[in-house]
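Note sheet for the following structure.
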Amino acid sequence: MTEDPRLLPACRRQRAALLVLVSLHMVVALTMVISLVRPRQVDMTALDIPGLEELVTLAGLYVHWPYPPGWALLAVLSAVAWGHLRYAKRRQVPADRRAVLARRYRRALLAVLLAVPALKSPLIVDLIMWPGAWATAFLVCVPTTVYALGLVHCAQRFRRMPVPLLLGGAGWGAIVAGGFGATMNEWWSDFSLLHFPLPDNVLDVTYLKNIGLPMISGFFEELGKGAGVAILFLLYRRHVDSVVSGIVLGAAVGLGFNFGESLTYMAYFDGASAGFHFWGRQVAGLMAAHTAFTAVVGAGFGIARQLHSRSQQVTTIALGFCVAAGAHFCNNSMLDYVGKESHKWFTVNDTVHALVLTPAQFLLFQGPLVVLYVLLLRRGLRSQEGGLRVALANLPDAARAAITEPEAAVLLSPARRFRLKVDALRAAGSPRHGIAAYRRLARLHAAQLDLATDHWHRLRGEADPLAPDEATSRARVQAVRAALAGAGP
Amino acid sequence: MNECAPRLLARCLLTAMAAAWVLLLGASPAAAGCGSITYEQRQADPAPAEPEKKFPALNCDQSVPAAAAALACALGLTATGFYAWRLHSAGAAPVAPVGQAKTEVVGPGEVRVGDVDGDVVIRGGTLVGQVSGTAVMVDNATFIGKAQYVVQIGYRNDVVGDIAEGENVVQVGRRNTVLGDVAGKLVQARSVMGRILTKGRKVWPLD
């Protein structure tokens, strides 16, 4: 009997991913409640500044502006969906049509859930305020970010996760995590202004705000990015199967966030400091900063995927997050401190400051995280190679036709695979055919690595129940092989 | 990867977390020095020297970091190209020595990816890999890789790749194809009436 279609997804992992997304909204709701119920420590009227109270109220509303309308829309849409599905059931509409209906409502609700934090993304405001500088920054930052994404993708020397998954992670980082991070930073800036008694000097409130900003941004920006990693991990766990893919996914999310942040800083004041920020964020610090922080979050998920105990898994993921949030906090505090104090220690001209001191600070405060994720990646690749070697040596007889012994040797050597693909590319009569041959051969290698990796996980007793079974993987290899044979060079 | 490896990695994260928080303990007092101080501290010292606000980002000539960025990008691309070239060269490492007496056959429609230690006859199929001995290609065969010797028999053959010495090439047929490198001799012929022998063993025609 077919199960009654419901608004919530039937799959447990999809429900968990939805819960993570909803949790981000709940965190924002909590900050709203805190702002609303806090006691007013400053009597605005006593300050006798005309329009100050209205200004503060307006600023407070700006922080959360898309959320209340978005939640209202969610409530209305959920009620309509629930009513519509009930009505359809009463009218005895076939279950498959009701399932389609439920799926459409689910997508609409999901779109609203994603759109609300995205609307808070600073990218939108920057685009409106400085469209020319924003567009230039966008065009300049795309090549470097795509290059870095390619770099982290190629770091997977054996099985690689699908490119759309990588791009999805980067998109989450740039838009959703960026919007969430901006909300929380703005909330703290607004909240801290009125949380403490106002000092005699009005300008001192900026100090009070700065007390917590490095911590707030370190924690909540990592939370936003980590939520993206968690959601993609839950939905595509088959592809995030080791520390290597975890690091790659985390780095992709971080690169997306870095891309959004670079655009924001480069567009400020119509590109007044675009050159410096491009240098700092898209060149010197491209693989550090957000990329490194979130890569470590992803590493936690990747390691947890291969642990058997639930408590160890939770601890590892939490550790990854704590490392990233702590390092982010430390980095923000120290960069702020050095930026404001270094002129007391020595005097250098601004160009040397930008070209030498800035990268040196990155090296000092972000370098340890880069070293950490590179070491984890290196260790993970070695483990993966060792595991694949064992898996390929212990393939079941049925799978031998899909991966022969000479093919196994090629699969274990990234250099050999690359060489063969380049040979195939050069062999074709035209670039179009060459690229097609290259891609076909890459698909064959990918299908064979999928089969071998899944077998490795089966040997370790950690196979993903939602991954295709061995017969399906074998059939896929044979299909790709047949396509390769049919196409010719 | 054995069971202890993920645990080792988890411990690695634990150590890093501890290190990060030790750094934070140092960072907080340092940050306090630049103004992140409590209100009470501020009241006790009502007029500390205002640190000079200086933003190199805004003061310096933007063309300088932009030019540095362009230079770094160019260096990065060059390094990537060099790495790709190294990877490509490493993929063409010398194949295993000849030691296998049996001649392998890749049949029509068959695709084989991997090295062949010895001689191979590719008869209408596709071989992607390296051959330590002689590769004989007939009936629209495709060979992508490197071989010591290649004999191509058929009407249409091309050479796409590097052949070190011209005298090693014997072309009889009109169009033949070699996809990859040939280290030793390449023979291309529309047809071979006799036999092909390598190290005294008959490779072609097949029995």
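The values are calculated or read from the model by the stated rules, or taken from the named source; none is laboratory data. In this text the structure is predicted, and so the values were computed from the model without any measurement. Cβ: placed from backbone, ideal geometry, glycine included. Neighbour counts: every protein chain shown. The area values use the complete protein model at the heavy-atom level, side chains included, leaving out ligands, DNA and RNA. Shrake-Rupley method; radii C 1.70, N 1.55, O 1.52, S 1.80 Å.
For the reader, a short list of remarks on this structure follows.
- Surface burial for B against A, with a 1.4 Å probe and both sides summed, reaches about 6700 Å² of accessible area.
- For residue B:151, the residues 5 or more places off, or on other chains, whose built amide H falls under 5 Å of its own are B:135, B:136, B:137, B:187.
- Long hydrophobic helices in chain A, taken as whole DSSP H segments with a C-alpha length of 18 Å or more on their own axis and mean Kyte-Doolittle hydropathy at least 0.0: A:12-37, A:67-90, A:95-119, A:131-154, A:205-235, A:243-271, A:289-305, A:367-393, A:470-487.
- Three-way shape label, segment A:1-148, alpha-carbon gyration tensor, a/c 1.5: oblate
- Kirkwood hydrodynamic radius over Cα pairs of segment A:331-489, then Stokes diffusion coefficient at 37 °C and 0.692 mPa s, in µm²/s: 168
- Positive minus negative residues near residue A:450 (Lys, Arg vs Asp, Glu; Cβ under 11 Å): +3
- Average other protein chain Cβ within 10 Å of Cβ, residues B:127-134: 4
- For peptides A:133-143, A:449-459, sequence by mean Cβ density within 10 Å, most packed first: A:449-459, A:133-143
- Pairs of lysines in chain A whose Cα atoms sit within less than 25 Å of one another amount to 5, provided the residues are eight or more positions apart or on different chains.
- Note on B:108-117: average number of Cβ atoms from other chains within 10 Å of each residue's Cβ is 6.
- Gap separating the Cα centres of segment A:415-489 and segment A:266-343, nearest whole Å: 35
- Relative contact order of chain A, defined on C-alpha pairs under 8 angstrom at six or more residues apart (%): 15
- Cβ-defined net charge surrounding residue A:477, 10 Å radius [Lys, Arg +1; Asp, Glu -1]: +2
- Prolate/oblate/rounded label for chain A (Cα gyration tensor, a/c 1.5): oblate
- Shielded residues, segment A:254-281 - accessible-area loss of 10 Å² or more between chain alone and all protein chains, probe 1.4 Å: A:269, A:272, A:273, A:275, A:276, A:278, A:279
- Neighbourhood charge, 15 Å Cβ-Cβ cut-off, centred on residue A:180 and excluding it, Lys, Arg +1 and Asp, Glu -1: -2
- Residues of segment A:108-154 whose accessible area, computed with a 1.4 Å probe over protein heavy atoms, drops by at least 20 Å² once all protein chains are present relative to their chain alone are A:147.
- Going from the isolated chain to the complete set of protein chains, segment A:374-413 loses at least 20 Å² of heavy-atom accessible area (1.4 Å probe) at A:376, A:379, A:383, A:406, A:407, A:410.
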